[in-house]
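Report on the following structure.
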Amino acid sequence: MEPIAFCNRCRGIMVGWNRRYMTHCLLCRQWLAKSFKTTVLTSLFSSFVFVYPVPSAVAPPLPTVAMTPAAAFANAAAQRAENTAAVEKLLVRHGVDKERLPRVVGAIMASSTRHGVDPRLVASIVIVESGANPYAVSEADAIGLMQIHLGTWGEKADKENINLFRVEDNVDFGVRILREYIRASNTWEGVARYRGKTEAPESQQAALEYVQKVQRIYGFTPKI
């Protein structure tokens, strides 16, 4: 006959490797130290968790990492360097004086960046208008790199104290004019209006030929 143990909590229990007796030993035996009980219970609970893991919620998607200011600055600097090289290459290919080149490139990049206009487009217009000669004066009284027409813009240039023979002043004034024409229509219509396009058939033809010249230098191929 197997021995029976008595416990105020568990009452009579059969001694041996059975569930009730093992629970009694873990929870009720006075000789089992409290700290030891805690350790044993913790171990049992841990085993239960590992054997029967609790399903976890679906992990949320990782947040999109925003570009840091340093990365944005590096990207902007790289884009500016690329545009500067493209403008310089364009001007060199069309025979712009090498001594004058750095100043012209600098003026084009500064003004196009300031006013949000494509620097290669500005360089293409400079080549068509004056061959990048800051002292060019046409028979129609147009002056400088971007051939600012005195009859149309001379008074405004005087009021703003703009020196149309100065490289930086002329380019900046011309880019401002071009920007407003583009904003009022689109890129190539803006270029046509910069040429002085009116409703007259001959003016429209001249403007079309002008736009085509600029497009060839720019490297633009119209869609057919």
Inset, instruction - Select, from 171, 122, 191, the only residue that is over 21 Å from residue 97 (Cα atoms), of a type in the set (Val, Ile, Thr), at pLDDT 95 or above and surrounded by 21 or more Cβ atoms within 10 Å (Cβ to Cβ). - result: 191
Legend entry - Scan of region 92-111 for residues that are in a loop (DSSP other than H, G, I, E, B) and farther than 14 Å from residue 171 by Cβ, ordered by number: 94, 95, 97, 98, 99
Inset, instruction - Determine whether region 138-155 contains at least one residue that is among the hydroxyl-bearing types (Ser, Thr, Tyr) and within 26 Å of residue 76 (Cα to Cα). - result: no
Inset, instruction - Determine whether region 202-222 contains at least one residue that is in a helix (DSSP H, G or I), under 37 Å from the mean Cα position of the chain (by Cα) and small (Gly, Ala, Ser). - result: yes
Inset, instruction - Look at residue 139 and say whether it is part of a loop (DSSP other than H, G, I, E, B), surrounded by fewer than 16 Cβ atoms within 10 Å (Cβ to Cβ) and either more than 34 Å from the chain's Cα centre (by Cα) or in contact (Cβ under 8 Å) with a residue 60 or more places away in the chain (or both). - result: yes
Inset, instruction - Could you grab me the full set of residues in region 67-102 that are outside the structural domain of residue 120 (by TED's automatic domain parsing) and farther than 19 Å from residue 113 by Cβ? - result: 67, 68, 70, 71
Inset, instruction - Just one of (1) surrounded by 15 or more Cβ atoms within 10 Å (Cβ to Cβ); (2) assigned to a helix (DSSP H, G or I) trips up residue 114, so point out which. - result: (1)
Legend entry - Filtered residue count, region 111-135, keeping only those that are touching a helix residue (DSSP H, G or I) at 6+ places or on another chain (Cβ under 6 Å), farther than 12 Å from residue 218 by Cβ and of a type outside the set (Gly, Ala, Ser): 3
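The values are calculated or read from the model by the stated rules, or taken from the named source; none is laboratory data. None of these values were measured; they are calculated from a predicted model. Please note: Cβ atoms are built from the backbone with ideal geometry, for glycine as well, and neighbour counts cover all protein chains shown.
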